[in-house]
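Heads up: the structure comes next, in structure tokens.
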Amino acid sequence: MSFSAYLVGTWERRLGIGTTIQIINPTDRHLDVIVAFFDDNEKCLKCIRSEEPLSPNDLWEIPVGKLKRKKFGVVKIISLDPESKKIMLGIVGFKRHYLAAKEPEGIEVAFSESPLAAIPGNKYAEVEYKLIRKRCNC
């Protein structure tokens, strides 16, 4: 797995499943991060920015709550230089799906974790960043 300026993955809310998105900055630089959530019809549901730049070795964990009653979709994540706001390589990410089920012995929790896809090069990140800013107003 390598780091990128552009990560993509899925989020899930069907059948009681939840998703947490984890973004890590493994570099020695600070990075701004934008996260955009889309539904399965490519409609932007929510866009958030990191409140502070992610410091070196920092982790940002985002529990995916209810997004306008949608059940599943796509998450797109872009990293930027905090000063110039230009696309900058430097993030890795994971998605964790979890399910809590009531059993006779109590609550059982199951989860799976997988990496978010790192899209190579800045070419795609730059195009997607423009689209996210336009469609999501962030």
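None of the figures in this text is laboratory data; all of them are computed from the coordinates on show. Computed from a prediction, not measured in an experiment: that's the story for all the values here. Cβ placement follows ideal geometry from the backbone for every residue including glycine, while neighbour counts extend to all protein chains displayed.
If I model a spin label as a point 7 Å beyond the Cα along the Cα-Cβ vector, how far apart are those points for ARG29 and ASN122 in nm?
0.8 nm
Using a cut-off of 11 Å between beta-carbons, work out the net charge of the residues near ILE34 (Lys and Arg +1, Asp and Glu -1, ILE34 not included).
It works out to a net charge of +2.
Please give the helix 123-136 orientation as an angle from the longest Cα principal axis of the chain, in degrees from 0 to 90, rounded to the nearest 10.
Orientation of helix 123-136: about 70 degrees from the principal axis.
Pull up all non-local amide H partners of THR10: gap of 5 or more, or a different chain, and H-to-H distance under 5 Å with H placed in the peptide plane.
Under 5 Å from the amide H of THR10: VAL75.
Within a Cβ distance under 12 Å of LEU131, other residues only, what is the Lys/Arg minus Asp/Glu net charge?
+2
Considering the dipole of the chain built from charges on the beta carbon (Lys and Arg +1, Asp and Glu -1) around the Cα centre, which of LEU116, ASN137, ILE24 is farthest to its positive end?
Projecting each Cα onto the dipole axis, the largest value belongs to ASN137.
If packing is taken as the average count of other Cβ atoms within 10 Å, what order do 40-52, 68-80 fall into, highest mean first?
Top of the packing list down: 68-80, 40-52.
With +1 on the Cβ of every Lys and Arg and -1 on the Cβ of every Asp and Glu, and nothing else charged, how large is the dipole of the stretch 1-60 about its Cα centre, in debye rounded to the nearest 20?
My answer is approximately 160 debye.
Work through the residues other than PRO120 whose Cβ is under 14 Å from its Cβ and net out their charges, Lys, Arg +1 and Asp, Glu -1.
Net of charged neighbours comes to -1.
Could you name the lysines in cross-link range of LYS43, using Cα to Cα under 28 Å and dropping any fewer than eight places away on the same chain?
Straight-line reach from LYS43, under 28 Å: LYS66, LYS68, LYS70, LYS71, LYS76, LYS85, LYS86, LYS95, LYS123, LYS130, LYS134.
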